[in-house]
Each structure stands twice: as C-alpha cells, then as structure tokens.
Amino acid sequence: MKKRTRISLVVLLGLPFATLAQDTIVISHAELLQKATEKNIQLKIAQKNTESAKADFRQTNALFMPSISASYTGISTTNPLMAFGSKLNQEVLSASDFNPELLNNPNKTKNFATKIEVMQPLLNADGWLGRIAAQNKMDAYVLQQGRYQEYLIWETNKAYSQLQLAYKALEVVQKAKQTATINLRTVSHYFAQGLIQKTDVLAMQIRVNEVENQVQFALSSVQNASDYLAYLLDDNTKKSTYKPADQLVQIEQTSETIMLIPESRKDIQAASKSTEAYQAMHKSSVLHLLPKLNAFGNYELYDTELLGTKAKGYTIGAQLSWSVFDGYSSIGKMQKAKAEAQKSSLELAQYKAQSQLELNSTYRKLTDLTNKVSLSKLALAQSVEAYTIKANRFAQGLEKTTDLLNTETQVLQKELEHLQAIFDYQVTQHYIHFLTH
C-alpha cells in the first residue's frame, strides 16, 4: 500500500511539468533578442513611419527639380473664336479666312494639339526652409525607430527575466508541495499511532491544498509570461509554451555609473530634431511673405489630322509672384508656427528633466534592491535553518504541527521573496542601461 502511495505521489508531482513539456520551445536570451528585432510588429510599424517620413522629404525635391507635363487634345468646333484660333495655330490662315461671313459662321474645324509644359522653380525661400523641416522630421523618425528598438531590447530582457522567474517560482512551489506532502504522510502516521490529534492532520491537509493552489497559479504565471514573449515575437502559435534556456541568477552591478542623461540618447536627439523642425517651419512662415520666382516654358504642335505635327511653336518666360495681402492668413500661420516652435522647445526641456528625474530615482531603487537581495538571501538561509531545526524537533515529538507548518510556510515565502528581489534587481539593471544609452 505504501509503495502505491509513493508511486502516485511521484506521478502527481510530475503532472504540471508534463503539461508544460507539450509543445514547449526552449529559447535562449540571445536567440530571443534576435527574433524580437526581426519579428516585432511595433518595430515594423516604426519602420513604416520612417519610410513615410522619407517619402515626405522626397516630395520637397520639387523645390529645385522641374515639373514636366504633356497633353494631347483633339477638337471639332464651329465656334468662331475657336475655329479662327485653331487655324491660326495650325498656320493655315489665308486671306479668305478674314471674310466676315466665314469669321462669323465658320465651317466645322478640326484641331489636334500636342503640348509639352515645363515649370522650373527659381526662388522659393519658404520652400527651402520647409525642406529643412521635412529633413528634421525624417531624422527624428529614424532616431525614434532606433530608440524603439532599444526599448524593445529592454522589454524583451524584462519579459525573459519574467519567464525565468515564473519557471523558478514553479520549481520552488513544486518543491514545497513535495515537502508538504511528505509532512502530511508523516503526520498521518503519527495520528495512526495516537501521538497527535486529528486537527493536526487537517491542518497539514489544508497546507497541502494551499500549496497545490500555488502550483496552479505558478503554472498560469508561466503561461502568461510565455504568451507575452509570443506577443513580442509576433508568434501566433497558440499551443506553444516558451521555456528559458538560462536560469534566473543575480547579475553583478556594473561599475559604469552615468549620473546625467546623455544628449546622445536617441529619443533626446529625436526630440531635438522635432524642435528644429518646428523652428524651421516658423522661419518658413515668415519667408512666405517674400515673392517667388518661377520659370516656365511650353512646346506646342498643331495639325488638322490625327497625330499630325505640321505647325509648331514654343513659349518661354519667368513669373515673379507676390502675395501682398491675404486677409491675415499668412500672419496667423506665422503666429501659430512661432507658438508651436516655442512649445516644442519647452516640451524638450521638460522631457529632459523628466528623464533625469527618472534616472535618479532608478539609481536609488537599484541601491535599495542591492540591499534587498542581500537581506532576502540571509532571511532565506535563516528560515531554512529554522525549518530544519523544527523538523528535527517535530520528529522527536518536541514541536507542534502548527510550528512546523509556520516555518515550512516561511521557507516558501522567503524563497519566493528572494527570487522576486533578484528579478527586480536584474530588471532595474537593464532599465538603467536603457536610460543611459
């Protein structure tokens, strides 16, 4: 009977791990980072935003490149003006065409025209500043994409640590379940010998049930951490469960200490580029009041027959245009651009201050966590020693069941607290690196 109980216990303890073993993907930290930067959807969206900004910048090439258009038109008309003009363009007018009768009531006239037009900007000061603003915007998106990739690396590090913590916590509660089950068997044996009361057995059974419930929560934590990794990797395989190839261990504190937010950080540079773009737009709105100079030219072919090119002519010229007054529209745009440029400068200063505040707070948190890891490790060692003493005394009948339960519960609690402290320390280390690079 005892042999069957022992076999059942082994099978019971192995069930959660057997469940996780189905479709489990073991992944290393380096492999995870590589896949995240290749497959993450949000990073792909950032890349498309960058491509869109680059396309906007290419549109400003129209400031110095000519625009060329071509058209082909065919008409049949009895309109006096159109008929006379068509013959004039076709270079087929004769003295008889000036007959007032024919001028007022012309015969049906056909005209086929090919026209090629060229426009060449020469002077457009506000447009050039608009181009500079578009370039700053493009540069900002490139930097933002790079910053998001750095954020993705930090988020992936955090998610991987979370997965390591979940598996380690599952291992701990599994061990606690095994210990509680063994203690239940021992207490049941003592009760059968009449050495303890029924309430002691019930208390131990309650403890086993509690630990079993913790096992289920630990399994859910493993799956939740795995699901989040799948989300970061854009993995739509619903049945897969990720398992870390590396164990959760305490990483040493880096000797490098950066107390000020570096100006070279990509998000700071992106914010600066955005401010420069707004300043360029403000200057562009001011220069919009200046005149613009454009050159133009066209080449025309006319004939009475389809695809004919008998008559030819061209026109070239330049146009200086100046919007003298547009009902305060330009002035209003200039005032708005100025306000937005000033707002952007203030937002940049505020963002830098917030980033510095966050870095200072994170450094203090790391110091606190350093102490917490050391103290939790000491508390765990002390609780294990206390449980060992209590277990030995309980075996000798010198301790109550409740005392054994309390120390056994404390061991589990302290071990989980120590794991959480290591996780928090590790994530904070990664976050400081993210804030200072």
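Among the numbered criteria (1) open to solvent by 70 Å² or more (accessible area, probe 1.4 Å); (2) more than 30 Å from Phe423 (Cβ to Cβ), which single criterion is violated by Leu260?
Among (1) open to solvent by 70 Å² or more (accessible area, probe 1.4 Å); (2) more than 30 Å from Phe423 (Cβ to Cβ), Leu260 violates only (2).
Within the range 311-331, which residues are aliphatic (A, V, I, L, M) and either touching a residue at least 60 places away in the same chain (Cβ under 8 Å) or assigned to a strand (DSSP E or B) (or both)?
The answer is Ala311, Ile316, Ala318, Leu320.
Restricting attention to the range 296-338, report how many residues are in contact with a His (Cβ under 7 Å, 6 or more places away or on another chain) and at pLDDT below 90.
1
Can you name the residue in the range 117-132 that is part of a strand (DSSP E or B) and open to solvent by 70 Å² or more (accessible area, probe 1.4 Å) and is also farthest from Lys312 (Cα to Cα) among such residues?
Leu123
Just to be sure before I move on: is Ser330 farther than 30 Å from Leu143 by Cα, surrounded by 16 or more Cβ atoms within 10 Å (Cβ to Cβ) and among the polar types (S, T, N, Q) in the structure I sent?
Yes: the conditions hold for Ser330.
Any residue in the range 214-243 that is touching a residue at least 40 places away in the same chain (Cβ under 8 Å) and more than 30 Å from Thr179 (Cα to Cα) sitting within a Cβ distance under 6 Å of a residue that is among the basic types (Lys, Arg) and not in a loop (DSSP other than H, G, I, E, B)? List the pairs, counting only those 6 or more apart or interchain.
Going by the 6 Å Cβ cut-off, the qualifying pairs are Leu233/Lys35; Leu233/Lys39; Asp234/Lys39.
Identify, from the list Leu301, Leu290, the residue that is farther than 30 Å from Thr428 by Cα, in a strand (DSSP E or B) and touching a residue at least 24 places away in the same chain (Cβ under 8 Å).
Step by step, each of Leu301, Leu290 is checked, and only Leu301 is farther than 30 Å from Thr428 by Cα, in a strand (DSSP E or B) and touching a residue at least 24 places away in the same chain (Cβ under 8 Å).
Any chance you could count how many residues in the range 187-198 are in contact (Cβ under 8 Å) with a residue 12 or more places away in the chain and either open to solvent by less than 80 Å² (accessible area, probe 1.4 Å) or over 16 Å from Phe394 (Cα atoms) (or both)? Even if it seems obvious, please write down each step before you answer.
The first filter runs over the range 187-198 and keeps only residues in contact (Cβ under 8 Å) with a residue 12 or more places away in the chain, leaving 187-188, 195-196.
Filter once more, keeping what is either open to solvent by less than 80 Å² (accessible area, probe 1.4 Å) or over 16 Å from Phe394 (Cα atoms) (or both): 187-188, 196.
Of the residues in that region, 3 qualify.
Can you tell me which residue is farthest from the chain's Cα centre (by Cα) among those in the range 270-295 that are open to solvent by 70 Å² or more (accessible area, probe 1.4 Å) and at pLDDT 90 or above?
Among those that are open to solvent by 70 Å² or more (accessible area, probe 1.4 Å) and at pLDDT 90 or above, it is Lys283.
Which one is modelled with the lowest pLDDT among residues in the range 199-219 that are farther than 18 Å from Ala169 by Cα and either open to solvent by 90 Å² or more (accessible area, probe 1.4 Å) or charged (D, E, K, R) (or both)? Spell out how you get there, then give the answer.
First pass over the range 199-219, keeping only residues farther than 18 Å from Ala169 by Cα: 199-206.
Narrowing further to those that are either open to solvent by 90 Å² or more (accessible area, probe 1.4 Å) or charged (D, E, K, R) (or both): 200, 206.
On the way: Asp200: 89, Ile206: 93.
Within the range 199-219, the match that is modelled with the lowest pLDDT is Asp200.
Please count how many residues of the range 100-116 are part of a loop (DSSP other than H, G, I, E, B), out of contact with any strand residue (DSSP E or B) (no Cβ under 9 Å at 6 or more places or on another chain) and either surrounded by 10 or more Cβ atoms within 10 Å (Cβ to Cβ) or of a type in the set (Val, Ile, Thr) (or both).
1
Please indicate, with yes or no, whether at least one residue in the range 363-371 is part of a helix (DSSP H, G or I), out of contact with any Asp or Glu (no Cβ under 9 Å at 6 or more places or on another chain) and modelled with pLDDT under 90.
Checking the range 363-371: not a single residue is part of a helix (DSSP H, G or I), out of contact with any Asp or Glu (no Cβ under 9 Å at 6 or more places or on another chain) and modelled with pLDDT under 90.
The values are calculated or read from the model by the stated rules, or taken from the named source; none is laboratory data. Keep in mind that this is a model prediction, so the values were computed, not measured. Methodologically, a virtual Cβ is constructed for each residue, glycine included, from the backbone with ideal geometry; neighbour enumeration extends over all protein chains shown. Side chains included, ligands, DNA and RNA excluded: accessible areas come from the protein's heavy atoms. Shrake-Rupley method; radii C 1.70, N 1.55, O 1.52, S 1.80 Å.
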